[in-house]
Amino acid sequence: MFPYSCSVLSRYENQITILSDYLEEFPETDEPVWILGRQHHLNADKSKLLLDISARLWFTYRRKFSPIGGTGPSSDAGWGCMLRCGQMMLAQALICRHLGRDWQWEKHKKQPEEYHRILRCFLDRKDCCYSIHQMAQMGVGEGKSIGEWFGPNTVAQVLKKLALFDEWNSLAVYVSMDNTVVIEDIKKMCWSPPQSSSASHSSAHLHRSALGQNKNTAGLCTGWKPLLLIIPLRLGINHINPVYIDAFKECFKMPQSLGALGGKPNNAYYFIGFLGNELIYLDPHTTQSFVDTEENGTVDDESFHCQEAPHRMKIMNLDPSVALGFFCKEECDFDNWCSLVQKEILKQQSLRMFELVQKHPPHWPPFIPPTKPEVTTTGAELIESTDKLFELEEEFEILSV
């Protein structure tokens, strides 16, 4: 045991040393760093900050995967950055759902099966539910050709539709409209009614058994379905309006935070936090080779974690088109999020970043929770048939400036 313990300790210390070297790029400051709802102090716990960042799943351009649609591109370099950022935000939600926000990743350390199962959802294969193949082909139904760049709202709509086919994670994905989050609609969507037919009950039972769970899983029978809440916004015309900056930063402090999708025109980043007036982000613009599963079902995961200091950019350089993300595993998490929004975001009397209302606006069409379309195909065949199953959603409106 002793030699093994020394080896583990040495490897851990080596990792800390490497991360500390990278952290020299951060300025000496007493200001806190906020990363997805967690506060770090550079003067006290630099290494913890980088370990927290490196634990996030990092999805980048890939090459040499099977052609999308059979004859399409075999690399997403140059066009897939917003899709990769959407994958990163969703992956963070799944990490929180199965492993918890404080789960840590360490190089060469054995990880739980749930972690590898999450990773497999995003591999660049047509049979993986959130692969670049599935996202690009679902984007066709949103008016985007394969190989065309997505905006934050488009990728949010694509994730919402793909989640309907993901029974394991059983997420309720709510994408706000007209800069308005409706509490009544979210609760209606997340509180799924009991399944009535014996066939569906049997299916749910078998699914729970496959997961090794004896109790009901949210969304499989009855109960609160974990919520992925995405709020597409436009925080200005050509540039971000400074009036929104404090509220935007406040979102990264919330324990439910999944960060934000955004960046610059045709140049997407996944924003995970901030330091002062600089945003901290993971950059997908690195092209790596396709990685598949090993024979035992695990994934060689080193290339899925950024082990260098994250990039930073001045918040005023941010393109005004963004999408905020939040994850609420339980109803109490959502209720807490609503309280925080009322306290920190809606205190602004004018030019609010978004609105939070209790009741469904009477002038809106009735809210119908999305359900999985009744189709008989699966996998790549399914995705190619979905462009006629969904209507195009409204684009988000520009906020007053």
#### Entry: Net length gained if the chain between ASN43 and ASN317 were fully extended (0.36 nm per residue, minus Cα distance)
95.9 nm
### Task
Counting only heavy atoms of the protein chains, get the accessible area per residue of the stretch 296-367 (1.4 Å probe) and round it to a whole Å² value.
50 Å²
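Compare HIS305, HIS98 by solvent-accessible area with a 1.4 Å probe and give them largest first, with all protein chains kept in place. Can you show the working numbers first?
Working: HIS305 5, HIS98 50 Å².
Of HIS305, HIS98, the descending order of accessible area is HIS98, HIS305.
Which shape class, rounded, prolate or oblate, goes with the stretch 80-131 when its Cα gyration tensor gives a ≥ b ≥ c as root eigenvalues, a/c under 1.5 marks rounded, and past that a/b bigger than b/c marks prolate? Mind dumping the intermediate values first?
On the way: a/c = 1.91, a/b = 1.50, b/c = 1.27.
Judged from the Cα gyration tensor, the stretch 80-131 comes out prolate (a/c at least 1.5, a/b above b/c).
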## Note on the structure
Distance in Å, no decimals, from the C-alpha centre of the stretch 288-321 to the one of the stretch 115-129 is 15 Å
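What pairs in LYS188/LYS372; LYS109/LYS160; LYS249/LYS343; LYS188/LYS343; LYS110/LYS329 have C-alpha atoms more than 21 Å from each other?
Numbers: LYS188/LYS372 16 Å; LYS109/LYS160 33 Å; LYS249/LYS343 14 Å; LYS188/LYS343 24 Å; LYS110/LYS329 25 Å.
Long pairs (Cα-Cα over 21 Å): LYS109/LYS160; LYS188/LYS343; LYS110/LYS329.
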## Note on the structure
Neighbours of ILE368 by Cβ distance under 10 Å: Lys/Arg at +1, Asp/Glu at -1, summed charge 0
## Note on the structure
Cα extents of the stretch 28-186 along the principal axes, largest first, in whole Å, come to 52, 43, 32
#### Entry: Net charge, ASP301 excluded, C-beta distance under 15 Å - Lys, Arg +1, Asp, Glu -1
-1
### Query
Using a basic spin-label model with each label point 7 Å from the Cα along Cα→Cβ, how many nm lie between THR71 and ASP30?
6.6 nm
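Go through the stretch 40-115 and name the trypsin sites (Lys or Arg not before Pro) that are in a DSSP coil and have 14 or fewer other Cβ atoms within 10 Å of their Cβ. Numbers along the way, then the final one.
Values: sites: LYS46, LYS48, ARG56, ARG62, ARG63, LYS64, ARG84, ARG97, ARG101, LYS107, LYS109, LYS110; in loops: ARG56, LYS64, ARG101, LYS107, LYS109, LYS110.
In loop regions of the stretch 40-115 (DSSP not H, G, I, E or B), the sparsely surrounded trypsin sites (Lys or Arg not before Pro) are LYS64, LYS107, LYS109, LYS110.
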### Summary
The answer for the net charge of residues other than VAL243 whose Cβ lies under 15 angstrom from its Cβ, with Lys and Arg +1 and Asp and Glu -1, is +1
## Note on the structure
Largest-first ranking of SER257, SER66 by accessible area, probe 1.4 Å, whole protein assembly kept, is SER66, SER257
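If DNA, RNA and ligands are ignored and the probe is 1.4 Å, what is the ranking of CYS332, CYS251 by accessible area, most exposed first? The partial results should precede the final answer.
Numbers: CYS332 85, CYS251 5 Å².
If we order CYS332, CYS251 from most to least accessible, we get CYS332, CYS251.
The values are calculated or read from the model by the stated rules, or taken from the named source; none is laboratory data. None of the values given here were measured: they were computed from a predicted structure. FYI the Cβ positions are ideal-geometry reconstructions off the backbone, even for glycines, and counts take in every protein chain you see. Ligands, DNA and RNA are stripped out before the accessible areas are found, and what is left, the full protein with its side chains, is counted by its heavy atoms. Shrake-Rupley method; radii C 1.70, N 1.55, O 1.52, S 1.80 Å.
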